[in-house]
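Undergrad: Here it is: the structure, laid out below.
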Amino acid sequence: MDNALVQQQVALVRAIAGGDRHAFEQLYRLTSPQLFPVALRMLRRSSWAEEVLHDSFLAVWNRAASYDPACSSPMTWLTHIVRNRCIDWLRSGSAQSSGLEEELTEFTPTPASQTGVDALHDDDEVDKLTRCLAHLEPDQRQSVVLAYYQGMSHSEIAAWLHQPLGTVKSWVRKALTHLRECVGL
């Protein structure tokens, strides 16, 4: 990283430690484009990443006086804060309590622009899939949504839900069997 940029960031963090709101805004504008993808990669959902990034910068405001440039660069320190906040978010259950219904609504496939008859047919299929998902056990529904709408692997789902890998694989397999029968594939 450019030494001048690092020095600028160090100066901004020191100014924040003194309560400089303008420096805080500058640091946010300068670093958030690199920090947001870190949160997004860990949380896999932009609304959650935005919330965690916001919390991270509140921590920066409150802990700027504890920053020591001899220990790390400002970006390393900031990235560490964001990663720890993401981990805290995942462990706290905040992500799970944000509601599966919101997740189903957000990730329900929507048809691309189509003609009337095709759109009606696809809307019926989406409605049928949504009804079939609603009939699943909550653990099975959450597992299949995380796997297919969030793109998570079985091991990621197991870690996310704090469940054994074999249990998650079983839930996904049972959910897919039910959905095949329900949808009629």
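The values are calculated or read from the model by the stated rules, or taken from the named source; none is laboratory data. Not measured: the values here are computed from a predicted model. Heads up, the Cβs are rebuilt from the backbone with ideal geometry, glycines too, and the neighbour counts pull from every protein chain shown. Note: areas computed on protein heavy atoms with side chains; ligands, DNA, RNA excluded. Shrake-Rupley method; radii C 1.70, N 1.55, O 1.52, S 1.80 Å.
Undergrad: Being surrounded by fewer than 18 Cβ atoms within 10 Å (Cβ to Cβ) and not in a helix (DSSP H, G or I) is the filter here; which residues of the stretch 129-185 pass it?
TA: Correct list: HIS135, GLU137, TYR149, GLN150, GLY151, SER153, HIS162, GLN163, PRO164, GLY184, LEU185.
Undergrad: Could you check the stretch 80-92 and list, in sequence order, the residues that are over 17 Å from ARG14 (Cα atoms) and touching a helix residue (DSSP H, G or I) at 6+ places or on another chain (Cβ under 8 Å)?
TA: VAL82, ARG83, ARG85, CYS86, ILE87, TRP89, LEU90
Undergrad: Follow-up. From (1) open to solvent by 40 Å² or more (accessible area, probe 1.4 Å); (2) in contact (Cβ under 8 Å) with a residue 40 or more places away in the chain, pick out the condition that doesn't hold for ALA39.
TA: Of (1) open to solvent by 40 Å² or more (accessible area, probe 1.4 Å); (2) in contact (Cβ under 8 Å) with a residue 40 or more places away in the chain, only one is false for ALA39: (1).
Undergrad: Mind listing just one residue for me: the one in the stretch 48-72 that is open to solvent by less than 50 Å² (accessible area, probe 1.4 Å) and free of Cβ contacts under 8 Å to residues at least 40 places away in the same chain and, of those, farthest from the chain's Cα centre (by Cα)?
TA: Out of the qualifying residues, it is SER72.
Undergrad: Since PRO109 meets every condition but one in (1) surrounded by fewer than 18 Cβ atoms within 10 Å (Cβ to Cβ); (2) closer than 22 Å to VAL168 by Cα; (3) modelled with pLDDT under 85, which condition does it not meet?
TA: (2) is the only condition that PRO109 fails.
Undergrad: Right, another one. Of the numbered conditions (1) modelled with pLDDT under 95; (2) open to solvent by 80 Å² or more (accessible area, probe 1.4 Å); (3) assigned to a helix (DSSP H, G or I); (4) more than 30 Å from LEU146 (Cβ to Cβ), VAL6 fails exactly one; give the number of that condition.
TA: (2)
Undergrad: To continue, here is another question. It is to be established whether one or more residues within the stretch 19-35 are surrounded by fewer than 18 Cβ atoms within 10 Å (Cβ to Cβ), in contact with an Asp or Glu (Cβ under 9 Å, 6 or more places away or on another chain) and closer than 30 Å to GLU156 by Cβ.
TA: no
Undergrad: Quick one: would you say ARG91 is under 14 Å from the mean Cα position of the chain (by Cα), part of a helix (DSSP H, G or I), modelled with pLDDT under 90 and not acidic (Asp, Glu)?
TA: Against the criterion (under 14 Å from the mean Cα position of the chain (by Cα), part of a helix (DSSP H, G or I), modelled with pLDDT under 90 and not acidic (Asp, Glu)), ARG91 qualifies.
Undergrad: Something else: Can you find a residue in the stretch 73-93 that is touching a Phe, Trp or Tyr at 6+ places or on another chain (Cβ under 9 Å), within 30 Å of PRO138 (Cα to Cα), among the hydroxyl-bearing types (Ser, Thr, Tyr) and free of Cβ contacts under 8 Å to residues at least 12 places away in the same chain?
TA: The answer is no; no qualifying residue exists.
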